[in-house]
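Structure, as structure tokens:
What follows is calculated from the coordinates using simple rules that are stated; it is not laboratory data. The structure displayed is predicted, hence computed values, not measured ones. So basically every Cβ, Gly included, is an ideal-geometry build from the backbone, and we count neighbours across all protein chains shown.
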2 protein chains.
Amino acid sequence: MNLKELAAHLGLSQTTVSRALNGYPEVSETTRQRVSHAAEQHNYRPNTRAKSLATGRAMAVGHVIPTSTRHEMVNPIFGDFISGAGETYKQHGYDMLLSMVEDGDQPRVYRELKAKGTVDGLIVHAPETSDPRIGLLSDLEIPFVVHGRASDEARPYAWLDVNNTSAFARATELLLDLGHRRIALLNGLESMDFARRRRAGFERALSEAGLAPEPALLRSAEMTETYGYSSAKEMLAMDHPPTAFLVSSLIIALGVRRAAEEQGLVLGRDVSLITHDDDLSYLRNGGDVPVFTATRSSVRDAGRLSAQMLIDQIGAPASALPTRLLEAPLIHGRSTGPCPT
Amino acid sequence: MNLKELAAHLGLSQTTVSRALNGYPEVSETTRQRVSHAAEQHNYRPNTRAKSLATGRAMAVGHVIPTSTRHEMVNPIFGDFISGAGETYKQHGYDMLLSMVEDGDQPRVYRELKAKGTVDGLIVHAPETSDPRIGLLSDLEIPFVVHGRASDEARPYAWLDVNNTSAFARATELLLDLGHRRIALLNGLESMDFARRRRAGFERALSEAGLAPEPALLRSAEMTETYGYSSAKEMLAMDHPPTAFLVSSLIIALGVRRAAEEQGLVLGRDVSLITHDDDLSYLRNGGDVPVFTATRSSVRDAGRLSAQMLIDQIGAPASALPTRLLEAPLIHGRSTGPCPT
DNA sequence: GTGTCACGCCAAAGCGCTTTGGATGCGCAT
DNA sequence: ATGCGCATCCAAAGCGCTTTGGCGTGACAC
């Protein structure tokens, strides 16, 4: 059933039917009723492609997922972010388009999305400290929101980020307050902007306490369980092992816990651990009582909010570029305790 | 730059330009060269919406992600599956559309996708044993491929699945061969078809060995680390604790390992563990030497293949409904060993 | 009665592409 | 010269929708 048929069926013009369904005032209330009732009955939905061709709006937003060949890992965060964003899109009638793109292809793909007109806007995932995508998208004049930031980008752009610096500073301060002095940082890849910022927060808190970070206790890698395990194992075997760990993801934390328990160390007593917790639906940090002390920020919420920002921007392209900094509160769990003497 | 402009620029008709770019024979080789060169230079891409309006093909496939409110977990498998599917789509020029849909809304959403014509086909995720979506989609006559199966569905449909039954039977047999008699099964939610089949495989192997499953050693729940931990902890505290665990996901396995190590038990010596391993990119089962003995099947490959099946089917709708059963080989890791006496 | 206006509706153009059904011109055989 | 066929190209219709501009009608004021 398409508009033409529906109109014919009702003995009305396409114009009137279209207007009736889209809430224009030039149509009497009685006909509107009649039309929407018939539409309902025949399960009529305007064809999306025809509609967007006519209106010039795709009613779709794109998510470009980088799948670099060097670290061909799908960001575990991704599912939850998407799920949050999807909720928002649904409310506003937007579709969500996904493209898996290899790093080198990024410019080409963005240009294509623009030229083909498949999307009205984009979400940029996993920005690096210096990320060429942002400049490119600005040039292309297509609305976009970055999940995270790119510190080296000079031009303004829309972003939503967690305050990684302050979160990790606060976490570090807690450990310092508990008397810890040898604190290890197991960070994500430091080409990623968020990792850079977390390290900055960590170092700031240390230096404010008059301490310097110790290179042997700093690591940066893809955030896997094995990474957490082997790093912690090695560090705990050092002459002066760290008494506390600050790590960038719950998955790393699982590895650290394993290494600790393997040595018979009890978390929160013999060794302390704070992790960042993205509040992933399939990797909960315990139930009511969190297992790990953590800086927590729901990535699902981030998805919801980013999507909203993007939709707002698509609606009012001229308006100022929105930015949003979410705080990640420190959640006290059972993995932290005073430094053993 | 659109077709009209490009044609004007070249002093040709839209027809000729369109034909030149789409490889039709009615155009001389010289003009074809000229056209494609100009298209390249002006970075021309046909507008997707206009194209699909004209051709009637959306060049997009939809993935409908169920987000039931009862278990509002985003399937951790999802990212990798999508990433595999995305590769295939890219090769064939298809876009990938995602919809997060609450369970109750499923029928409505499918009807809408059909009526709005946004997609040419669908992938159905996470089928339950009795899943109404399949019948609905068959009725709607829209091509689709199910990732998994729905045992109760009588009508034929296209699917790709892992041979869960045989995988779990073989895993059980290995444990039996190693002398284990008290084997616990920590399964996923048994409304899910895959979980049902795994249990069937487990029970088949037991009964072939003349054993009956012991209810106290069977559990079924959302597959989280905590679930694995607490279940294992409780079971290991029993009078006659299990000597081996068979679990449905690596995440559960992590929990079991924690419970075991907490009790000072060494995996592969004091207690054995086999897990199903979806080979997720962010949750690797060790490196070259797998940590856990596992039935392994790459969910990313499953995505790749499902997508291919769907595209084939969209291309030849009349052809027989394809089905594909992937075997999940048993990978020997360090988590299994002879039953301690 | 006539003019004015708001109201409710419609015909037709247009979005950017594909595709049908010719048109045109040229070489070649007749 | 004439006719035919082939190779190239084009005009125009159509995909399903929105939107512009306009058209008839009845109410109301004068």
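Below are the figures for this structure:
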{"read-out": "Under-5 Å amide H pairs with A:L122, H placed in peptide plane, nonlocal only", "value": "A:G62, A:F144, A:V145"}
{"read-out": "Enclosed volume per residue, in Å³, of the convex hull spanned by Cα atoms of chain B", "value": "164 Å³"}
{"read-out": "Built amide H within the under 5 Å cut-off of B:S335, gap 5+", "value": "B:T293"}
{"read-out": "Convex hull (Cα only) mean projected area of segment B:98-234, reported in nm² to one decimal", "value": "9.9 nm²"}
{"read-out": "Ranked B:E234, A:E29, criterion: other C-beta atoms within 10 Å, fewest first", "value": "A:E29, B:E234"}
{"read-out": "Charge dipole magnitude, Cβ of K and R +1, D and E -1 - the protein assembly as shown, Cα centre, debye nearest 20", "value": "1300 debye"}
{"read-out": "For segment A:47-52, 3J(HN,Hα) per residue [Karplus equation, 6.51 cos²θ - 1.76 cosθ + 1.60, θ = phi - 60°, Hz, x = Gly/Pro]", "value": "5, 4, 5, 5, 4, 6"}
{"read-out": "Test item: A:75-88 mean partner chain Cβ contacts at 10 Å", "value": "5"}
{"read-out": "Mean shadow area of segment A:1-82 over all directions, Cα convex hull, nm²", "value": "8.3 nm²"}
{"read-out": "Whole-number percent relative contact order across segment B:1-145, with pairs defined as alpha carbons under 8 Å at least 6 apart", "value": "23 percent"}
{"read-out": "For segment B:223-236, Karplus couplings with θ = phi - 60° (6.51, -1.76, 1.60), whole Hz, Gly/Pro x", "value": "8, 10, 5, 4, 4, x, 5, 5, 4, 5, 4, 5, 5, 5"}
{"read-out": "Whole-Å distance, taken between Cα centres, linking segment A:274-341 and segment B:166-233", "value": "36 Å"}
{"read-out": "Nm distances between copies for A:D312, ranked from closest, using label points 7 Å along Cα→Cβ", "value": "4.8"}
{"read-out": "Above-threshold pairs, the threshold being 32 Å between Cα atoms, out of A:K4/B:K90; B:K90/B:K116; A:K4/B:K51; A:K233/B:K90", "value": "A:K4/B:K90; A:K233/B:K90"}
{"read-out": "Value of relative contact order over chain A, rounded to a whole percent, pairs C-alpha under 8 Å and six or more apart", "value": "18 percent"}
{"read-out": "Computed [θ] at 222 nm, deg cm²/dmol, chain A (DSSP H ≥ 4; -39,500 (n - 2.57); rounded to nearest 500)", "value": "-13000 deg cm²/dmol"}
{"read-out": "Tensor-based shape of segment A:158-275 (alpha-carbon gyration tensor, a/c under 1.5 rounded, otherwise prolate or oblate)", "value": "oblate"}
{"read-out": "Residues whose placed amide H lies under 5 Å from that of A:V101, excluding near-sequence neighbours", "value": "A:I65, A:T67"}
{"read-out": "Quarter of the Cα convex hull surface for segment A:221-341, i.e. its orientation-mean projected area (nm²)", "value": "9.4 nm²"}
{"read-out": "Whole-Å semi-axes of segment A:12-158's equivalent ellipsoid (Cα gyration tensor)", "value": "39, 16, 13"}
{"read-out": "Three-way shape label, segment B:59-130, alpha-carbon gyration tensor, a/c 1.5", "value": "oblate"}
{"read-out": "Debye-sum result for the protein assembly as shown in log10 I(q)/I(0), which assumes one identical scatterer on each alpha carbon, at q = 0.05, 0.07, 0.12 Å⁻¹", "value": "-0.28, -0.54, -1.34"}
{"read-out": "Note, ³J(HN,Hα) from phi for segment B:319-326, Karplus 6.51, -1.76, 1.60, rounded to Hz, x at Gly and Pro", "value": "5, 4, 6, x, 9, 8, 10, 8"}
{"read-out": "Calculated FRET efficiency for the pair B:E141/B:S191, C-beta based, R₀ 35 Å, to 0.05", "value": "0.80"}
